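*Asks:* Just dropping this structure here.
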Amino acid sequence: MKKRTFLKTSSALVTGSLLSPLASCVPESATGTEAEIEAMTRTNWAGNLTYKAKHFHEPDDVAATQQAVRECEKLRALGTRHCFNDIADSRHNQVSVRSMHGVVGLNEEAQTVTVEAGAAYGQFCPWLNEQGYAIHNLASLPHISVAGAIATATHGSGADNGNLASAVTAIEFINANGDLVTLSREQDGEKFAGAVVHLGALGVLTKVTLQVQPAFRMYQYVYQDLPVNNLLTNFEAIMSAGYSVSLFTDYQTDNVNQVWVKSRAMNGQTPAPMADLFGAKPFDRKVHPILDHPAENCTEQLGTILPWYDVLPHFKMEFTPSSGKELQAEYFVPMVHAPSAYRAIQDIREKVGPVLMISEVRAIAADDHWMSPCYGQDSVAFHFTLEQDWESVKKVLPEIESRLDGFQVRPHWGKMYTMPKAHLQSRYTKLADFRGLMQEYDPDGKFVNSHLQERLI
């Protein structure tokens, strides 16, 4: 085990001022003064959600976090505020482990790294690379925390790559009694599989152990105007054209706007881009997923070879990714249904178009985490970046959900969706078992908020 290492917090993570924890927790019936509530006004990254919690706690260590959990009657854990719905909200208390973002240790024999749960991927991945190791996958934004990413099954891309939770081999969390619980894949099998994608319903995560592999280098090329007919005929081949592949489209034409292909570099050499990727041609310049946006904050393209952590995300850690003035929705369908699902969305392009900024389509390999949208099935995610106009968006999402309903669709837990409770619950065959874990670790519903009540309880 290597010496404990602490990493500095990147300024790119800070979307608002740091807030000190209030001195005490409050029961459900308590109210704060108007001044307290005003002082605690905080929003998510996009600004579409103002958190209701009257008290915000940011402890410096595990013991202080345990104390907060013991003292609070109702509590929700908050990550880096990148969720677009109120899954992390509470009318009472929120706790953040953002201050706990160190690397606990690297176990080279087991090929694992253990980090504190508040660590953002962009904070510890450069250090991990210096030790000669890599994680198999990263999300589009390196700014998100490990705790938040795995709680909601946030993913990344690659037909052979599982989501970020699939790298987890052990977790440590604080249950409703304030006790530390450790679960591992090796020792706890099914219970572990149920607890990793936990939706904040089992406790407050404090440490995560991740599987690593030898470090590797990557490059990416971006292609334009992939004919939709070619995509639908060759869907799996196109999604497997690189280590990680993303399609960006607005569904408004008979072409996919862009195809981002990220590949592993072999022998330190950059091959030329494919002259023709099923009808798509390579760009001769660096581009943003939304073509008229500046590309400086995007990761490098045009075949530049860089470490894995500088290519797998779409955006650089040192840049704030955008103003956040958007809404996001995302839906997962089994890979086998993806071509039909794409066509179903394109068939309502006139309804989607007015509120759509861009849509990203990605493949994610199956996993065994009970509450993961990719549980038991290789999946394709249809992600929608939408105008920040909820009145218009909430009319469009049911249309998309209706079109995808026949394809066993599952929404992303941290995005916007309107799927009826019965439909949502029917998609998760292990839901009853997950409720059993909730009963075991939180029998009185300390971590249950309105979001979970309206969808899972």
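*Asks:* For segment 178-202 and segment 230-263, what is the separation of their C-alpha centers, rounded to whole Å?
*Replies:* Taking the Cα centre of each part, segment 178-202 and segment 230-263 sit 36 Å apart.
*Asks:* Also: Write down the Kirkwood hydrodynamic radius of segment 74-190, to one decimal in angstroms, obtained as one divided by the mean of 1/r over all alpha carbon pairs.
*Replies:* 15.3 Å
*Asks:* Any idea which of Ser246, Thr270, Ser359 is furthest toward the positive side of the dipole for segment 217-423, if Lys and Arg beta-carbons carry +1 and Asp and Glu beta-carbons -1?
*Replies:* Value computed over the given set: Thr270.
*Asks:* Arrange the peptides 113-121, 351-359 so that the one whose residues have, on average, the most other Cβ atoms within 10 Å appears first.
*Replies:* 113-121, 351-359
*Asks:* For labels at Gln187 and Asp160 in the simple 7 Å Cα→Cβ model, what's the distance in nm?
*Replies:* 3.3 nm
*Asks:* If you place +1 on the Cβ of every Lys and Arg, -1 on the Cβ of every Asp and Glu, and leave all else neutral, what size is the dipole of the chain about its Cα centre, to the nearest 20 Debye?
*Replies:* 140 debye
*Asks:* Rounded to the nearest 0.05, what FRET efficiency do Ser240 and His293 give with R0 = 22 Å and r taken as the Cβ-Cβ distance? Could you check?
*Replies:* 0.20
*Asks:* Need one number: nm distance between label points at Lys394 and Lys52, each 7 Å from Cα along Cα→Cβ, rounded to one decimal.
*Replies:* About 1.4 nm separates the two model spin labels.
*Asks:* Which residues does the label zone of Leu306 cover in segment 135-163, counting backbone N under 15 Å from a point 7 Å along Cα→Cβ?
*Replies:* Only 138-143 fall inside the zone, counting backbone N under 15 Å.
*Asks:* Here's something else I'd like to know. From Cα pairs below 8 angstrom and at least 6 apart in sequence, can you work out the relative contact order of segment 217-423, rounded to a whole percent?
*Replies:* Relative CO of segment 217-423 lands at 23 percent.
*Asks:* Next up: Using the crude model of +1 on Lys and Arg Cβ and -1 on Asp and Glu Cβ, and no other charge, please compute the dipole size for segment 217-423 relative to its Cα centre, in debye to 20.
*Replies:* The calculated dipole for segment 217-423 is roughly 220 debye.
*Asks:* If you place +1 on the Cβ of every Lys and Arg and -1 on the Cβ of every Asp and Glu, how big does the dipole about the Cα centre of segment 114-212 come out, in debye to the nearest 20?
*Replies:* 140 debye
*Asks:* If you don't mind, there's one more thing I want to ask. Per the helix-only calculation at 222 nm, which mean residue ellipticity applies to the chain, given -39500 (n - 2.57) for every DSSP H run of n ≥ 4 and division by its residues, nearest 500 deg cm²/dmol?
*Replies:* -6000 deg cm²/dmol
*Asks:* On to the next question. For the chain, what ratio Rg/Rh do Cα atoms give with a Kirkwood hydrodynamic radius?
*Replies:* Ratio of gyration radius to Kirkwood radius: 0.95.
*Asks:* Ranking Trp413, Trp390 by Cβ neighbours within 10 Å, fewest first, what do you get?
*Replies:* Trp390, Trp413
*Asks:* Farthest toward the dipole's positive end in the chain, which of Val228, Asn85, Val208, given Cβ charges of +1 (Lys, Arg) and -1 (Asp, Glu) about the Cα centre?
*Replies:* So the residue we want is Val208.
*Asks:* Follow-up question, since we're still on this one. What is the packing order of peptides 336-343, 395-402, 245-252, taking the mean over residues of other C-beta atoms within 10 Å and listing the highest first?
*Replies:* With the highest mean Cβ count within 10 Å placed first, the list reads 245-252, 336-343, 395-402.
*Asks:* Given points 7 Å out from each Cα along the Cα-Cβ axis, report the Asp61 to Asn107 separation in nanometres with one decimal.
*Replies:* 2.3 nm
*Asks:* When all C-alpha to C-alpha distances in segment 217-423 are sorted into bins of 10 Å, what percent of pairs does each bin hold, rounded to whole numbers?
*Replies:* 8, 34, 37, 18, 2, 0
We did not get these values from a lab; they are worked out from the coordinates using the rules stated. Computed from a predicted model, the values in this text were never measured in an experiment. Here Cβ is always computed from backbone atoms with ideal geometry, including for glycine, and neighbour counts include all displayed protein chains.
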